[in-house]
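Here is the structure we will look at.
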Amino acid sequence: MNASEEARLLSRVALQDAGAFRKLYELTSPRLFAIAVTMLGNRAQAEDLLQDVYVKIWYAADRFDGSRGEAMAWMVSIVRNRAIDQMRSRKQTVDEDVLSAEEAPPLSEDNQRLQECLDTLESQQRQSIFAAFFQGLSHSEIAARFAEPVGTIKSRVRRGLMSLKGCLES
Amino acid sequence: MNYNQPELLDRLAAEYVLGTLRGRARARFERMLLDLPEARAAVDEWQSRLGGLADAIPEQTPPARVWREIEKRTQPARTVPSWWRGWALAASAALVVTVVALLPGAPPLEDREVAFVNEANATPLWVVSMNFNTGELSTRAVSAEAREIDKVYELWMLPAEGAPRSLGLMPVSGGKTVQTFSPALLELLRNAKGLAVSIEPKGGSPTGVPTGPVVYQAPLLDL
C-alpha cells in the first residue's frame with residue numbers, strides 16, 4: 001500500500017513531531033470539520049469535537065497501522081465515532097439544508113470505484129446509507145424521516161451494505 | 001450472541017462503521033474490538049470501504065482558535081522534571097535496554113537488530129531493529145506482556161540536548177510496531193545519550209515526557 005501524505009505525516013506525529021502534526025491538521029481538518037458540522041448540525045459543538053479528535057490523533061497516532069487501511073479513513077472514523085457518541089440522547093431535528101440524504105455530490109477520482117458501486121445500489125438503499133453516514137441518523141431516525149417501518153429500514157441498510165461490499169470486492 | 005460467526009461479525013462491523021449500531025449493542029461491540037482481532041479486521045475493511053463517502057461533504061475551514069486549543073492540549077510548555085536528572089542513577093540493575101551498533105558508514109539494506117531488552121535471567125522481552133535506509137524502527141515483543149490493564153510501556157530516547165523524545169508505545173503479547181524516523185530524528189538518535197522504557201497510562205504519556213516509573217534504561221554504545 002502506497003503511503004499517502006496523511007500516513008507519512010501520521011507516522012511522524014506518532015513520534016511527537018509537532019511540525020508534521022500542524023501539516024496534518026492543515027491538510028485534513030477542513031474535511032473532518034465538515035463531517036462534524038454535518039453530523040452535529042451545530043458549529044460550536046463541532047469545533048469542540050474537532051479539538052477532541054485532533055488531541056486524540058496526537059496521542060493515538062502510533063496506533064495507526066498503515067497495513068490495515070488508509071490514514072484518512074482512520075481519522076474519518078475517529079470523528080464519526082465521537083459524533084455518534086454525542087448523539088445518544090439528541091433530539092433529532094431533520095435539517096434539509098444539510099447535505100441531502102437523497103443524493104450526494106459525486107466523489108473524487110480517488111473514490112471512483114466506490115462511486116460506481118454506489119450507483120449500482122437501489123436508490124432507497126443508497127438514500128438510507130447516506131442518511132446514516134452523512135447525518136448520523138439511527139435506524140429509527142431514518143424510518144421516521146422516510147415514514148417507513150424500522151424493520152424495513154434495517155434490512156434495506158443491510159442489503160445495501162452487502163451489495164456495496166460485493167461490488168467493491170468483485 | 002455468538003460472535004464466532006464471521007457473517008454476523010461482518011454485519012456488526014459494517015453497521016458499527018456506518019453508525020447505525022447504537023446503544024448497548026454498540027458498547028458491546030466496542031468492547032469486543034479490544035479482544036477480537038477478527039472484529040478489528042472487519043472494522044478496518046469497512047472503514048476502508050465507506051471512508052471515501054466523506055469525500056462528498058464539502059470542506060469547511062475551522063476557525064483558528066480550534067488549532068490554538070489543540071496546541072495547548074498537546075504541546076504544553078516543557079519543563080524538565082527533577083526526576084529526569086536522576087536518570088543515570090535510576091537504572092534498574094536487572095533490566096537493561098542495550099542499543100548496539102549505530103554505525104557510521106554504509107547502512108545495511110535490511111533490518112539490523114539494534115537492541116535487546118532482556119529479563120534478569122536473559123529471557124528476551126523485546127527486540128528493536130533499525131533499517132537505516134528506510135528509517136524504520138521496528139520493536140517486536142518476544143515475551144513482553146502487559147503489566148496492568150490500564151498501563152502501557154513507552155520507549156524514550158534521551159537526545160544530547162533537551163527533553164526525552166517519545167519513540168512510541170512498545171508492543172506486548174507477540175505484537176510488533178514499526179515507526180518511520182524522519183532524517184532529523186535519525187540524526188538525534190545517532191547522537192542520543194540513551195534509551196529508556198517507562199510505564200505510562202493507556203495511550204502513552206499525556207504530557208510528552210515520561211510521567212510514570214522508568215523501568216528499563218539503556219546507555220547507547222558507540223561502536
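The values are calculated or read from the model by the stated rules, or taken from the named source; none is laboratory data. Please read all numbers here as calculations on a predicted model, not as lab measurements. Note that we place each Cβ from the backbone using ideal geometry, even for glycine, and neighbour counts take in every protein chain shown.
Restricting to segment A:1-22, and then to whatever is within 20 Å of B:P62 (Cα to Cα) and either surrounded by fewer than 17 Cβ atoms within 10 Å (Cβ to Cβ) or acidic (D, E) (or both), can you tell me which residue is nearest to the chain's Cα centre (by Cα)?
Going through the qualifying residues, I end up with A:E6.
Please indicate, with yes or no, whether at least one residue in segment B:166-184 is of a type in the set (A, V, I, L, M, F, W, C), at pLDDT 80 or above and over 22 Å from A:A20 (Cβ atoms).
yes
I'm trying to understand the selection: among the residues of segment A:23-45, which are over 11 Å from B:Q60 (Cα atoms) and not hydroxyl-bearing (S, T, Y)?
Here is the first cut: in segment A:23-45, the residues over 11 Å from B:Q60 (Cα atoms) are A:23-27, A:39-42, A:44-45.
Residues satisfying the conditions are A:K23, A:L24, A:E26, A:L27, A:M39, A:L40, A:G41, A:N42, A:A44, A:Q45.
I need the helices (runs of 4 or more DSSP H) fully contained in segment A:26-121, keeping only those with at least 1 residues that are modelled with pLDDT of 95 or more and either at positive phi or of a type in the set (D, E) (or both). Quick ask: steps written out before the conclusion?
Values: elements: A:43-60, A:71-86, A:112-120.
Result: A:43-60.
Before we move on, is B:I199 over 21 Å from A:D17 (Cβ atoms), among the β-branched types (V, I, T), in contact with a Pro (Cβ under 9 Å, 6 or more places away or on another chain) and surrounded by fewer than 20 Cβ atoms within 10 Å (Cβ to Cβ)? Walk me through it before giving the result.
Working: over 21 Å from A:D17 (Cβ atoms): yes; among the β-branched types (V, I, T): yes; in contact with a Pro (Cβ under 9 Å, 6 or more places away or on another chain): yes; surrounded by fewer than 20 Cβ atoms within 10 Å (Cβ to Cβ): yes.
Judged against the criteria, B:I199 is a match.
Being loosely packed, with under 12 Cβ neighbours inside 10 Å and either within 12 Å of another protein chain (Cβ to nearest Cβ) or in contact (Cβ under 8 Å) with a residue 60 or more places away in the chain (or both) is the filter here, so list the residues in segment B:1-26 that pass it. Explain how you work it out, then say what you get.
Start the filter on segment B:1-26 by keeping residues that are loosely packed, with under 12 Cβ neighbours inside 10 Å, which leaves B:1-2, B:4-7, B:23-24.
Scanning segment B:1-26 gives B:E7, B:G23, B:R24.
Of the numbered conditions (1) without any contact (Cβ under 8 Å) to a residue 12 or more places away in the chain; (2) surrounded by fewer than 21 Cβ atoms within 10 Å (Cβ to Cβ); (3) not hydrophobic (A, V, I, L, M, F, W, C), A:Q45 fails exactly one; give the number of that condition.
Against the list (1) without any contact (Cβ under 8 Å) to a residue 12 or more places away in the chain; (2) surrounded by fewer than 21 Cβ atoms within 10 Å (Cβ to Cβ); (3) not hydrophobic (A, V, I, L, M, F, W, C), A:Q45 comes up short only on (1).
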